[in-house]
Structures are given as C-alpha cells and as structure tokens.
Amino acid sequence: MRIITGKFRGKEIVPPPENVELRPTSDKVREAIFDTIRTYLEGRTFLDLYAGSGAMGIEAISEGAKFAAFVEKHPDSLRVLKKNIIRFGLKKDVVVIKKDVPLLMKNPANLTRRIEAPFDFIFMDPPFPSFLAGKTVQLIANSPFIHSESWIIAEHSVSETLPPEVGGLKPLMKFKEKRYGKVVVSYYGVKDTISGED
C-alpha cells in the first residue's frame, strides 16, 4: 500500500496485519475520493472512522489537511496505525481514539474534550458485513462533529443502500453516489446548505 497523491505520494504505508479481517480502501476508490475533495482540503480537518491502517487520514494530510483524527478499536489495527503515524512524522498533526465508532458517536465527549470539533470532512469505511455505514451516518447527523459545510463520505457495500436524506439535529442530504464494482461511495452534506446551492 502506498500514498497515491500529495506531498507523501509514493511512500509506503504499513499494511493491516494478516490476522485482522480488513478490506482497505482500494487505490482506485481512494484516488476517486480525493479527486472529488482535493480542491477543498487545504487547511481543513479530517475525521477517519473505522480507520484501520489510517491510509485515508494520512492521504488527507498529504493533500493539505491540517489535522486528522482516527477512530479505531482493534488493538492490532491500532498498532499499525500508530506505526504509520510515526513513519509519516505526524504525531503533532493527529489524534488517535481507541473506541468503537457507534459508542463514540453516542458519547462524543470522548473526542470533543481532546480536540476541537466539528470536522470539515468525515470519512467512514466500516466492515461491510456489519452494515454500519447507514447507522453511522445517522449518528453523525445527531452529533457535534459536523457544521453547515461538512462533508460526510461513506464507503459501503452495494448490498447496503443508504437513504437520500437523513434526519437529525443537522439533517443530511446525499449529493453524490458512485459505484466501483462491489463498493459504493456516498457523499452527504448538511441539507440546508445543499438545498441552498445553485
């Protein structure tokens, strides 16, 4: 695995351990996502949920994001994630939270007391068999982690259909969806902001 764009382009990432059942975001999908958001990343903040090896958050910093937070609960994945943070010299630019994502969303003080929320970009790639993408998007809509111009990006299986709108404290609207084989990437924004665009 390598960083595919930005200032770290071509630098290798420590891969997830073989004993962990992870399905890292493919280079093709990762590149497509960053082609979509690259223009908006400079100086922004990025939350990487179900972070695994941390490739997405590191790629975001490579593309100009000023800060990334990683949420991961698996001990072996956390060890790899921390190795990657050291490898890329990012200890001052990141926070790692060892926590189950849905539990964190229900008790956001675990994150907000350590860093300043909300985030400009939130990415999630939960394990496909879990069908957690839709649930996580719903939890985000009711969390303090987003503002009126936040992007929420969900990578999920074609077997899981995410709704066009999600209600909550900050209702969300899907404004883009792309399929890559068995993978779908859904993009959400805060509904009032999306609706108000020309």
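With every protein chain left in place, what is the accessible area per residue of the chain in square angstrom, probe 1.4 Å?
Working: 9580 Å² over 198 residues.
Normalised by residue count, the accessible surface of the chain is 48 Å².
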Please list ARG179, ARG79 in order of solvent-accessible area, largest first, computed with a 1.4 Å probe with all protein chains present. ARG179, ARG79
In whole angstrom, the spacing between the Cα centers of region 24-86 and region 123-198 equals 17
Accessible area of SER159, 1.4 Å probe, to the nearest 10 Å²? 80
Probe 1.4 Å, all protein chains in place: accessible area of VAL96 in Å², nearest 10? 30
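Calculate what fraction, in whole %, of the accessible area of the chain sits on carbon and sulfur atoms when a 1.4 Å probe is rolled over the protein chains.
Values: 4740 of 9580 Å².
Result for the chain: 49 percent of the exposed heavy-atom area is carbon or sulfur.
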Springs between alpha-carbon pairs under 10 angstrom, Gaussian network model over the chain: which of LEU49, LEU103, LEU41 fluctuates most? LEU103
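Longer than 18 Å from Cα to Cα, which of LYS11/LYS82; LYS135/LYS174; LYS7/LYS182; LYS170/LYS191; LYS7/LYS99 are they? Say none if no pair is.
Working: LYS11/LYS82 16 Å; LYS135/LYS174 15 Å; LYS7/LYS182 30 Å; LYS170/LYS191 8 Å; LYS7/LYS99 29 Å.
Pairs exceeding the cut-off: LYS7/LYS182; LYS7/LYS99.
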Overall form of region 113-198 per C-alpha gyration tensor (a/c, 1.5; a/b vs b/c): oblate
So how tilted is helix 27-37 from the main axis of the chain? Cα-based, degrees 0 to 90, rounded to 10. 50
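The values are calculated or read from the model by the stated rules, or taken from the named source; none is laboratory data. Note that the structure is a prediction, hence the values are computed from the model and not measured. We work out accessible area using only protein heavy atoms, side chains counted, and drop any ligands, DNA or RNA first. Shrake-Rupley method; radii C 1.70, N 1.55, O 1.52, S 1.80 Å.
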